[in-house]
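Participant: First, the structure itself, so that you have it in front of you.
What follows draws every value from the coordinates through simple rules; no lab data is involved. Every value quoted in this text rests on a predicted model; they were computed, and no experiment measured them. Reconstructed Cβ throughout: ideal geometry from the backbone, glycine too, with neighbour counts over all protein chains shown.
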Amino acid sequence: MTLANYAEHEEEFLKAMATRYQFAGKTWHVFMERFREKNTDRLDKDIAEYLEVELLEGRNEGANPATIMRDRLKVICQKFAEAGCDFNGNSDKGRWKIAKRWLREVVYPEWLKNHPLVPLTCEQLWQQLWHKATENRQLKLLVPQLGGLEMGTAEMTESDLLAVRLGSRVKLEVSLDRDGYLLVLEKGTSGKIWCLSPSGFAPEPYVSGGRVILPMGGSRHQSFHITGKTGEEEIVAVIAKTIPLLDWLPKKGDPLLEVGVEHLQGLFGYLRQHPDCLLLRMAYRVVAA
């Protein structure tokens, strides 16, 4: 079982463990926060400060949240020792790290056998990616004059989506403040997801900072042709410092890639390992011509 799969289902697993070992109240809060992957490098005192309200509830004035947290961690580790976690005689404050590794590597695979997980669909994975991204002026659609209606370089806003007519020819602008590898995914009105960069529209996805226009110079395409049906289209751009280690990335000359579950799962694994990636998003409405 890979760490990526564990991370995707961590919340469900930890809550199941809290129920199994009857952690409640302050112990429940300490367990859930201290054993989350994202908090691995956080100090106990920082987590105690975050949980201050929960830890001090019902306690006398002057009680120390850090002391309460240490006491709750001792209770938690004792429960795990009774359940078979081998601490190798370790009795210092780092015992929770041993318990955390034991839960993930020993208990989690056993738990999965009796709790088969329903795989996330492509739509569910896309929604997760969409919510991780930020909407701002760095990503915009460029719409030339069409049928007497001057759209100019109108920008989409959350409250007023840009409307683009079927049959339009548009370009995508990405403004970068650093060099990087540009991965652009689009979810069309059909629900299908396509990789626009790298592709024939973007044959050189490693770009310098500044204003980048897709289709790129050197592409056989001059614009994107809006076809299909009416509805909402969504675009997510990922800017990485180096070429992502994803075996599915299209190479120059490859046909346009339709993105599926396995591609998005691989991308999430990469993003977890490279939190410095910049994620941008935008949406627009496709309307009748």
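Participant: Among the GluC sites (Glu not before Pro) in the stretch 54-127, which ones are in a DSSP loop with at most 14 other Cβ atoms within 10 Å of the Cβ? Mind listing them?
Facilitator: On the way: sites: 54, 57, 61, 82, 105, 110, 123; in loops: 57, 61.
Answer in residue order: 57, 61.
Participant: When the chain is fully extended, how far beyond the present Cα-Cα distance does residue 105 get from residue 123, taking 0.36 nm per residue of separation?
Facilitator: Values: separation 18, 0.36 × 18 = 6.48 nm, distance 2.93 nm.
Net length gain for the segment: 3.5 nm.
Participant: Please arrange 76, 68 by counting, for each residue, the other beta carbons lying within 10 Å of its beta carbon, fewest first. Don't jump to the answer; show the numbers that get you there.
Facilitator: On the way: 76 23, 68 19.
Least crowded to most crowded, the residues run 68, 76.
Participant: Answer with a single label: of (i) 176; (ii) 120; (iii) 155, which was calculated as volume of the Cα convex hull per residue in Å³ from the structure in view?
Facilitator: Read-out from the structure maps to (i).
Participant: Let me ask you something else. Under the Karplus relation 6.51 cos²θ - 1.76 cosθ + 1.60, θ = phi - 60°, what is the ordered set of whole-Hz ³J(HN,Hα) values for the stretch 180-196, x standing for Gly and Pro?
Facilitator: Those phi angles translate into x, 8, 9, 10, 10, 10, 10, 9, x, 5, 6, x, 6, 10, 10, 8, 8 Hz.
Participant: Given +1 on the Cβ of Lys and Arg, -1 on the Cβ of Asp and Glu, and no further charges, what dipole in debye does the chain carry about its Cα centre, rounded to the nearest 20?
Facilitator: Working: 38 positive and 39 negative charges, 70 e Å.
Once rounded to the nearest 20, the dipole reads 340 debye.
Participant: Kindly provide the Kirkwood hydrodynamic radius of the stretch 3-114 in Å, to one decimal, from all pairs of distinct alpha carbon atoms. Intermediate results must be reported in sequence, preceding the final value.
Facilitator: Working: mean 1/r = 0.0688 Å⁻¹.
The answer is 14.5 Å.
Participant: Calculate one ³J(HN,Hα) per residue across the stretch 242-251 by plugging θ = phi - 60° into the Karplus curve 6.51 cos²θ - 1.76 cosθ + 1.60, and present them in order as whole Hz with x for glycine and proline.
Facilitator: 3J(HN,Hα) across the stretch 242-251, in whole Hz: 10, 4, x, 7, 10, 6, 9, 4, x, 9.
Participant: Would any residue of the stretch 247-262 have its amide N under 12 Å from a label point 7 Å out along Cα→Cβ of residue 192? List them or say none.
Facilitator: What the label zone holds, given the 12 Å backbone N cut-off, is 256-260.
Participant: Further question on the same structure: How long is the gain from residue 227 to residue 136 if the chain were fully straight, where each residue apart is worth 0.36 nm and the alpha carbon distance is subtracted? Spell out each step's value before the answer.
Facilitator: Values: separation 91, 0.36 × 91 = 32.76 nm, distance 2.57 nm.
Taking 0.36 nm per residue and subtracting the Cα distance, the gain is 30.2 nm.
Participant: Amide H of residue 142: which non-local residues (sequence gap of 5 or more, or other chain) have their own amide H closer than 5 Å, using H built in the peptide plane?
Facilitator: Residues meeting the amide H criterion: 171, 172, 173.
Participant: Here's something else I'd like to know. Along the positive direction of the dipole of the stretch 122-287 (beta-carbon charges: Lys, Arg +1; Asp, Glu -1; about the Cα centre), which of 237, 274, 210 reaches farthest?
Facilitator: Working it through, the farthest residue towards the positive pole turns out to be 210.
Participant: Between the stretch 61-114 and the stretch 188-253, what is the C-alpha centre distance in whole Å?
Facilitator: Using only Cα atoms, the two centres lie 46 Å from each other.
Participant: Please give the calculated 222 nm ellipticity per residue for the chain, where each DSSP H segment of at least 4 residues contributes -39500 (n - 2.57) and the sum is spread over every residue; nearest 500 deg cm²/dmol? Display every interim value, and only then the final one.
Facilitator: Working: 10 runs with 96 residues, N = 289.
Mean residue ellipticity, 222 nm, calculated: -9500 deg cm²/dmol.
Participant: For the charge dipole of the stretch 3-114, defined by +1 on Lys and Arg C-beta atoms and -1 on Asp and Glu C-beta atoms about the Cα centroid, which residue among 51, 27, 102 has the Cα displaced farthest towards the positive pole?
Facilitator: So the residue we want is 102.
Participant: So if each residue of separation counts as 0.36 nm, and I subtract the Cα-Cα distance between residue 166 and residue 248, what length gain in nm does that give? Display every interim value, and only then the final one.
Facilitator: Working: separation 82, 0.36 × 82 = 29.52 nm, distance 3.05 nm.
Separation in residues times 0.36 nm, less the Cα-Cα distance, equals 26.5 nm.
Participant: If we count other beta carbons within 10 Å of each Cβ, what is the order of 112, 264, fewest first?
Facilitator: Values: 112 15, 264 20.
Ranked by crowding around the Cβ, least crowded first: 112, 264.
Participant: With each pseudo-label sitting 7 Å past Cα toward Cβ, what's the residue 289-residue 208 distance in nm, one decimal?
Facilitator: Each label point lies 7 Å from its Cα, and together they span 3.9 nm.
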